[in-house]
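Engineer: Let me begin by handing over the structure; questions about it come next.
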Amino acid sequence: MSRRLIAALAAAFGFLLILFGSLARADGLNAAFDSISIPDIQAHVTILANDAMEGREAGTRGGRAAAAYLETQLAEFGLTPGGDGDAFIQSFAGERYRNVLAILEGSDPTLKHEYVLVGAHYDHVGYGTSRNSRGPLGLVHNGADDNASGVAGVLEIAQAVTFLASPPRRSILFAFWDGEEKGLLGSRHWSSQPTVSPQAVTLAFNADMIGRLRGETLHVFGTRTARGLRRWVSEQNQTTGLALDISWELKAHSDHYPLVERGIPALMLHTGLHDEWHRPTDDVDKINHEGISTTTRLLLWLVVDAANRPNRFVFRQDSRSERPADLARLEKSVSPRPPRLGIAWARENGDLPGVTLTLVTPGSPADRAGLQIGDRLVRFHDVDTTEDASRLGVAIWAAGSPTTAVVQREGAILEIPVELDGQPLRYGISWREDEGEPGTVLLSEVVPLSAAYRAGLQAGDRIYRVADRDFRDGNELAQRLVALAGPVSLQIERIGRLRTVSIEAPSVP
């Protein structure tokens, strides 16, 4: 492909990018986020996934054309070259391959010497080979999702940060990796020949295949590489409300891995594999541009916050050995508890008081106390079932022992003492702690019909705050739950989404 054609493509689409960008330009944080636009994203993906780029294979004319396009964009954004010398390019393998690097210098005199790295690989597989294509071969593999989508997102962020009233405190290094499809060559080369000190990189991001968002689900890898990353990502996610599929898998399948090998905390965002992956059919018409926009907005929130936070993330060595099976063990629910009373009930006739016992388990506390199927239970512990039968389960789990059941049987009202099994559960939850997420707990149990169950909690939920305050560990959480009276508010996280629930605090005499 001739340089004239490259220049014509860049000029045509560059005009559109400048036009849409200029309409959004203003000072301040909101302007930065508002600058991320679907037309910009669509233009980037369309250029990079055009047949004229011939699949952007590293070391080919299509790959060089893609690198030239990236250089042009970064220069127009006014970023500082971050490659060899005063260039955007970092060449390697005898100048056959080229990373494209740019820097936004930070505003803090001290922290500007630290970096947040934001990267995406721009190469693909060209016409495909038996090693890297799922067929058919000999056709241009445009790689619209893999990885024109990630490049478009990172370009949007590179432009967006120039709309800030002042740069973030730390510097931001934008990295467009070459040779990912040939074995993570670009990121491995940078890791061995870094343009800034790897020790100065506080956190790295990798946007790889973010163009096929489905069901609002974004896959996130790498949250174990520093303590507290899951909570931090989830808190930033409130700007988008995406469902986060957070995996403990950490392997050499994308460009964040060589950075992890250098001890850099790193996160990868990904919208999942699909049938067009590494096939010629991975084209622009299948891209969810709105999904790229949403994912990019979340990534921008993360980048800006990471660049401004007072403390840096510290690499967590244990992340190198943790596996998805470890997450499954951590999240595994405990075995169901035996019932405390041993009854089932129904409100069979709204005109009659209380609820009707439909089951009394043989040998249970209810059976030992003399309760019978057909009894009308009108009061148990502190719950009047004629007024609010929905709290009966809460009372059974929270009541001290012994307690009293009041039943109507054959027209008579009977007060029956009951010795309950097990210890009272005020809220009906138990949890595990996670060394990688200090100051949080993961629910391993939510007892059916308990106060927590009624509030909508589920096993696997994570508790972040109680009564609008953080807590150090599970012991402090337990102490505060015991001490609090009245409805208790808990901030919980489920699939990366935060919400606050209010739980009754029944008395436990």
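Engineer: Tally time: how many residues in the range 455-483 are touching a strand residue (DSSP E or B) at 6+ places or on another chain (Cβ under 8 Å) and assigned to a helix (DSSP H, G or I)?
Structural biologist: 5
Engineer: I would also like to ask the following. Could you check Pro109 against (1) of a type outside the set (A, V, I, L, M, F, W, C); (2) open to solvent by less than 10 Å² (accessible area, probe 1.4 Å); (3) assigned to a loop (DSSP other than H, G, I, E, B) and say which number it fails?
Structural biologist: (2)
Engineer: Picking from Ser234, Ser254, which residue would you name as being surrounded by 19 or more Cβ atoms within 10 Å (Cβ to Cβ) and more than 24 Å from Ile463 (Cβ to Cβ)?
Structural biologist: Ser254
Engineer: Related question: Looking only at the range 214-228, filter to residues that are assigned to a strand (DSSP E or B) and open to solvent by 10 Å² or more (accessible area, probe 1.4 Å); which one of those is nearest to Glu290 (Cα to Cα)?
Structural biologist: It comes out as Arg214.
Engineer: Exactly one of (1) modelled with pLDDT of 95 or more; (2) surrounded by 20 or more Cβ atoms within 10 Å (Cβ to Cβ); (3) on the phi < 0 side of the Ramachandran plot; (4) small (Gly, Ala, Ser) is unmet by Ala344. Its number?
Structural biologist: (2)
Engineer: Can you name the residue in the range 398-413 that is closer than 20 Å to Arg347 by Cβ, touching a residue at least 24 places away in the same chain (Cβ under 8 Å) and out of contact with any Phe, Trp or Tyr (no Cβ under 6 Å at 6 or more places or on another chain) and, of all such residues, is surrounded by the fewest Cβ atoms within 10 Å (Cβ to Cβ)?
Structural biologist: Restricting to residues being closer than 20 Å to Arg347 by Cβ, touching a residue at least 24 places away in the same chain (Cβ under 8 Å) and out of contact with any Phe, Trp or Tyr (no Cβ under 6 Å at 6 or more places or on another chain), the top hit is Ile413.
Engineer: Every residue in the range 442-484 that is out of contact with any Lys or Arg (no Cβ under 9 Å at 6 or more places or on another chain) and more than 17 Å from Gly428 (Cβ to Cβ), please.
Structural biologist: Arg465, Asp468, Asp470, Arg472, Asp473, Asn475, Glu476, Gln479, Ala483
Engineer: Right, next: Tell me whether the range 496-506 contains one or more residues that are free of Cβ contacts under 8 Å to residues at least 60 places away in the same chain, open to solvent by less than 30 Å² (accessible area, probe 1.4 Å) and over 30 Å from Asp367 (Cβ atoms).
Structural biologist: yes
Engineer: Suppose we keep only residues that are farther than 19 Å from Leu425 by Cα and touching a strand residue (DSSP E or B) at 6+ places or on another chain (Cβ under 6 Å) within the range 380-390. Which one would you say is surrounded by the most Cβ atoms within 10 Å (Cβ to Cβ)?
Structural biologist: Looking at the filtered set, the residue picked out is Thr385.
Engineer: In the range 309-319, what count of residues is obtained for those that are assigned to a helix (DSSP H, G or I) and either hydrophobic (A, V, I, L, M, F, W, C) or open to solvent by 60 Å² or more (accessible area, probe 1.4 Å) (or both)?
Structural biologist: Number satisfying all stated conditions: 2.
The values are calculated or read from the model by the stated rules, or taken from the named source; none is laboratory data. This is a predicted model, so every value here is computed, not measured. Neighbour counts run over all protein chains shown; Cβ positions are idealised from the backbone, glycine included. Protein only, heavy atoms only, side chains kept; ligands, DNA and RNA dropped before computing areas. Shrake-Rupley method; radii C 1.70, N 1.55, O 1.52, S 1.80 Å.
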